[in-house]
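Q: The structure follows.
The values are calculated or read from the model by the stated rules, or taken from the named source; none is laboratory data. Just so we're clear, the structure is a prediction, and the values are computed from it rather than from any experiment. Cβ coordinates were reconstructed from backbone atoms using ideal geometry, including for glycine residues, and neighbour counts include every protein chain displayed.
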Amino acid sequence: MKVKMEVDIGGLKLQNPVLTASGTFGSGQEYLPFIDLNRLGGVVVKGLTLLPKAGNPPPRLIETPSGLLNAIGLQNPGVDYFIENILPELTSYQTKFIVNISGNTPEEYGVLAQKLSVPGVAALEVNISCPNVKAGGLVFGTDPDLVAEVISVVKGHTNLPVIAKLSPNVTDIQEIARAAEEAGADAISLINTLLGMAIDVETRKPVLGNIVGGLSGPAIKPIALRMVWQVAQAVKIPIIGMGGIVSAQDALEFILAGANAIAIGTGNFINPRVTMEVIAGLEEYCQKTKTEDISHLVGLANPLKMR
Amino acid sequence: MKLQTLGQVIRHEELSSKVYYLVLKAPQIAKQATPGQFVQVKCSDTYQPLLRKPFSLHEIDKVDGRISLLYEVKGQGTKSLTKVRVDDYLDLIGPLGSGFSLPPRCRAILVGGGMGIAPLLPLAEKLKEQGQEFAAILGFNEVQKVYRLEAFQKLGQVIVTTLDGSLGEKGLVTQPLERELGSEKYNIIYACGPEAMLKNVSAIADSFGVECQVSLEAYMACGFGACLGCVCQTKELTGPTYSRVCTDGPVFNSREVIWHEG
Ligand SMILES: Cc1cc2nc3c(=O)[nH]c(=O)nc-3n(C[C@H](O)[C@H](O)[C@H](O)COP(=O)(O)OP(=O)(O)OC[C@H]3O[C@@H](n4cnc5c(N)ncnc54)[C@H](O)[C@@H]3O)c2cc1C
Ligand SMILES: Cc1cc2nc3c(=O)[nH]c(=O)nc-3n(C[C@H](O)[C@H](O)[C@H](O)COP(=O)(O)O)c2cc1C
Ligand code: FES
């Protein structure tokens, strides 16, 4: 039986629902020794900012039980460098490249969206887990009004599909998701990392150079899954689920919770071929369960939800 | 090109307290590897620890397709690594990083502290193979914690230091280093060890006007340039930059490195 693996994420057409998570996959080229990029649903490239960003002082990483804390600080060469030097190298692949953007102000997001609306970029993922410099550092993603503002500015500057990437560090994820949908987001991706920290008892100091960092990996999977479930009840636009996925079974849980596609981040570090294994595993599951179209599985864990 | 592969364990033994020697059959890695490169090893099948752990290539046998690692037990990753047995397979990614570069006609002095001696052995082998002169200064804590000395002695002149003087010269590697450099026989230093040692060695290199390559360590997630987690600060034309230890290094010219305080 041939399984239909293609999915449509708010106008972004993917050959299968498996993406890579921003910041864990470079521009994709770092993984060429291990996998065929053309077999991926898509690559979400490392977060870009308007100007080059040096990033946080090291140490930037520390493992915690089943998890990884990172405080990279969005180190990147800036959007212009990306467009001039990296993007041209990506056009030789058939996979879709989605660019993740971070701004200090809503206007910056708009400029980024405009600059990146060029051939080779398939969609924009808007990272709203960034502090709003104008509003005293309040993280955009924690305030529904700010989320709406950023998304509508981005929508006003591009014709590409716009994916709002939500921060899990909020009290009511449904409220934020609705704000993004109402502002015109074509899809929602979640979750970004959970804020955490670690302390070295020898030095009696925080381990990370930045003191706090973002938690990812299997440790956060139950939280991510719950949030995808909740957002699936709150919005009609497609959802890209992520957080701790390391196997096809994990990916299926997200799809059954309501995700139309999934992304893998930290899992790539442990097994750089994990995306390929998950694609194969999803297809196998569909065959075994006589599911003709992977999209038929979306949200099935909720008997009330017809998507 | 780097690859993910299974390496079969051929030998695995404890050399001294908590220090292990692990020989693996991994022909594709051995074929391409150069001294100073490393492998990312999956030490456990569970999420404890979650990440792979990086280890320097301690031997590169291209003829027999073997590599070896020399490691010290620190925490969960290295502890579970001690459990692998002969004939088991280990999931490896490698060879990774940019290793030592060997200028023509170098008269090298190798400086290793503790586990830092690991990547210096394949370098010593390469130097010997190319008929280039070298001496090695290897620093340990005490005689009970000295390992792999004969492997170096087979290849060339070795000076040993121990902190307590229980073998060789008493003290740090930097003392014999200054003395040897005074002879003006050497034009390049290759160093690997604790950061404080590397910082001192690089200051000595500067004062003698000798080139110095240091192999650095950093906490790594991917090991192949994708996560930007492993950076160290280096001097570039444009000012201080965060460079990736896993791909730009682990070997750096000591003049490029911006050392931490203390
Ligand atoms: C390029 C490179 C080459 C290395 N070569 C050798 C070698 O030849 N022999 C050897 O014994 N050790 C080597 N190390 C150090 C080795 O990677 C650590 O000792 C090992 O990761 C400890 O893991 P653990 O889980 O046992 O210990 P933990 O208790 O988790 O950590 C002990 C210390 O090891 C370091 N460490 C832990 N996890 C990582 C990680 N994912 N990446 C980098 N460092 C980490 C940290 O500094 C930490 O403080 C090398 C490190 C690097 C970066
Ligand atoms: C090292 C690292 C860097 C990351 N950088 C970004 C980034 O630049 N932009 C972003 O939106 N998310 C970033 N993330 C978050 C991931 O894209 C993802 O949302 C999160 O890690 C959860 O998925 P995972 O558990 O599969 O890793 C980063 C995560 C890690 C571990
Ligand atoms: S460890 Fe990921 S970039 Fe170096």
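Q: Filter the stretch A:46-77 for residues that are under 30 Å from A:Ile294 (Cβ atoms) and more than 9 Å from ligand 2 (Cβ to nearest atom) and give the result.
A: Within the stretch A:46-77, A:Ser66 is the sole residue that qualifies.
Q: Can you pull out every residue in the stretch A:47-94 that is touching a strand residue (DSSP E or B) at 6+ places or on another chain (Cβ under 7 Å), farther than 21 Å from A:Leu194 by Cβ and either away from chain B (no Cβ under 13 Å) or not in a loop (DSSP other than H, G, I, E, B) (or both)?
A: A:Leu48, A:Thr49, A:Lys53, A:Asn76, A:Val79, A:Phe82, A:Leu90 - these are the residues of the stretch A:47-94 that are touching a strand residue (DSSP E or B) at 6+ places or on another chain (Cβ under 7 Å), farther than 21 Å from A:Leu194 by Cβ and either away from chain B (no Cβ under 13 Å) or not in a loop (DSSP other than H, G, I, E, B) (or both).
Q: Please determine whether any residue of the stretch B:168-182 is surrounded by fewer than 24 Cβ atoms within 10 Å (Cβ to Cβ), among the basic types (Lys, Arg), without any contact (Cβ under 8 Å) to a residue 24 or more places away in the chain and closer than 19 Å to B:Asp206 by Cα.
A: Scanning the stretch B:168-182 turns up at least one residue that is surrounded by fewer than 24 Cβ atoms within 10 Å (Cβ to Cβ), among the basic types (Lys, Arg), without any contact (Cβ under 8 Å) to a residue 24 or more places away in the chain and closer than 19 Å to B:Asp206 by Cα.
Q: Can you work out which of the residues in the stretch B:200-235 that are away from every other protein chain (no Cβ under 14 Å) and assigned to a loop (DSSP other than H, G, I, E, B) is surrounded by the most Cβ atoms within 10 Å (Cβ to Cβ)? Even if it seems obvious, please write down each step before you answer.
A: Step one: of the stretch B:200-235, the residues away from every other protein chain (no Cβ under 14 Å) are B:200-215.
Next, from what is left, pick out any that are assigned to a loop (DSSP other than H, G, I, E, B): B:209-210.
Numbers: B:Gly209: 8, B:Val210: 17.
The extreme case among them is B:Val210.
Q: Still on this structure, I have one more. Failed condition for B:Ser101, given (1) small (Gly, Ala, Ser); (2) closer than 19 Å to B:Gly156 by Cα; (3) assigned to a loop (DSSP other than H, G, I, E, B), with all others met?
A: (2)
Q: Counting only residues that are among the charged types (D, E, K, R) and without any contact (Cβ under 8 Å) to a residue 60 or more places away in the chain, which one in the stretch A:14-46 is farthest from the other protein chains (Cβ to nearest Cβ)?
A: A:Lys46
Matching residues to (1) surrounded by fewer than 21 Cβ atoms within 10 Å (Cβ to Cβ); (2) touching a Gly at 6+ places or on another chain (Cβ under 7 Å); (3) at pLDDT 95 or above; (4) within 14 Å of chain B (Cβ to nearest Cβ):
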position: A:Gly241; (1), (2), (3), (4): no, no, yes, no
position: A:Gly244; (1), (2), (3), (4): no, yes, yes, yes
position: A:Gly267; (1), (2), (3), (4): no, no, yes, yes
position: A:Met276; (1), (2), (3), (4): yes, no, yes, yes
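Q: Can you find, within the stretch B:236-260, the residue that is modelled with the lowest pLDDT among those that are within 12 Å of chain A (Cβ to nearest Cβ) and away from ligand 3 (no atom under 16 Å from the Cβ)? Give the derivation first.
A: First pass over the stretch B:236-260, keeping only residues within 12 Å of chain A (Cβ to nearest Cβ): B:236, B:238-247, B:258, B:260.
Narrowing the set further to residues that are away from ligand 3 (no atom under 16 Å from the Cβ) leaves B:236, B:238-240, B:258, B:260.
Details: B:Glu236: 88, B:Thr238: 86, B:Gly239: 88, B:Pro240: 92, B:Ile258: 96, B:His260: 81.
Restricting to residues being within 12 Å of chain A (Cβ to nearest Cβ) and away from ligand 3 (no atom under 16 Å from the Cβ), the top hit is B:His260.
For every residue, the table says whether it meets (1) of a type in the set (D, E, K, R); (2) closer than 19 Å to B:Leu216 by Cβ; (3) away from ligand 3 (no atom under 16 Å from the Cβ).
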position	(1), (2), (3)
B:Arg85	yes, no, yes
B:Leu96	no, yes, no
B:Ser101	no, yes, yes
B:Gly116	no, yes, yes
B:Tyr147	no, no, yes
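Q: Going by the structure shown, is B:Gly229 among the small types (Gly, Ala, Ser), modelled with pLDDT under 95 and over 17 Å from B:Gly113 (Cβ atoms)?
A: no
Q: What is the number of the single condition among (1) away from chain A (no Cβ under 14 Å); (2) away from ligand 1 (no atom under 11 Å from the Cβ); (3) surrounded by fewer than 16 Cβ atoms within 10 Å (Cβ to Cβ) that B:His12 does not meet?
A: (3) is the only condition that B:His12 fails.
Q: Kindly indicate whether A:Ala280 is more than 14 Å from chain B (Cβ to nearest Cβ), under 24 Å from B:Ala226 (Cα atoms) and free of Cβ contacts under 8 Å to residues at least 60 places away in the same chain.
A: When the stated conditions are applied, A:Ala280 passes them.
Q: Is it the case that B:Leu110 is away from ligand 1 (no atom under 11 Å from the Cβ) and within 23 Å of B:Asn200 (Cβ to Cβ)? So that I can check it myself, show each step before the final result.
A: Details: away from ligand 1 (no atom under 11 Å from the Cβ): yes; within 23 Å of B:Asn200 (Cβ to Cβ): yes.
So B:Leu110 fits the description; yes.
Q: Considering every residue within the stretch B:171-178, establish whether at least one is under 19 Å from the mean Cα position of the chain (by Cα), within 16 Å of ligand 1 (Cβ to nearest atom), outside any loop (DSSP other than H, G, I, E, B) and of a type outside the set (Lys, Arg).
A: Checked the stretch B:171-178: no residue is under 19 Å from the mean Cα position of the chain (by Cα), within 16 Å of ligand 1 (Cβ to nearest atom), outside any loop (DSSP other than H, G, I, E, B) and of a type outside the set (Lys, Arg).
Q: Further question: Listed residues B:Lys42, B:Lys31, B:Lys2; which is within 14 Å of another protein chain (Cβ to nearest Cβ) and over 19 Å from B:Glu72 (Cα atoms)?
A: Being within 14 Å of another protein chain (Cβ to nearest Cβ) and over 19 Å from B:Glu72 (Cα atoms) holds for just one of B:Lys42, B:Lys31, B:Lys2, which is B:Lys2.
Q: Right, next: Of (1) within 11 Å of ligand 1 (Cβ to nearest atom); (2) over 14 Å from the mean Cα position of the chain (by Cα); (3) away from every other protein chain (no Cβ under 13 Å), B:His58 satisfies all except one. Which?
A: (2)
Q: Quick check: anything in the stretch A:238-251 farther than 25 Å from B:Cys227 by Cα and in contact with a strand residue (DSSP E or B) (Cβ under 8 Å, 6 or more places away or on another chain)?
A: Within the stretch A:238-251 (the criterion being farther than 25 Å from B:Cys227 by Cα and in contact with a strand residue (DSSP E or B) (Cβ under 8 Å, 6 or more places away or on another chain)), the answer is yes, since at least one residue qualifies.
Q: So which of B:Gly97, B:Gly7, B:Gly77, B:Gly65 ends up being at positive phi, of a type in the set (Gly, Ala, Ser) and surrounded by 18 or more Cβ atoms within 10 Å (Cβ to Cβ)?
A: Details: B:Gly7 fails: at positive phi; B:Gly77 fails: at positive phi; B:Gly65 fails: surrounded by 18 or more Cβ atoms within 10 Å (Cβ to Cβ).
Every option except B:Gly97 fails the conditions.
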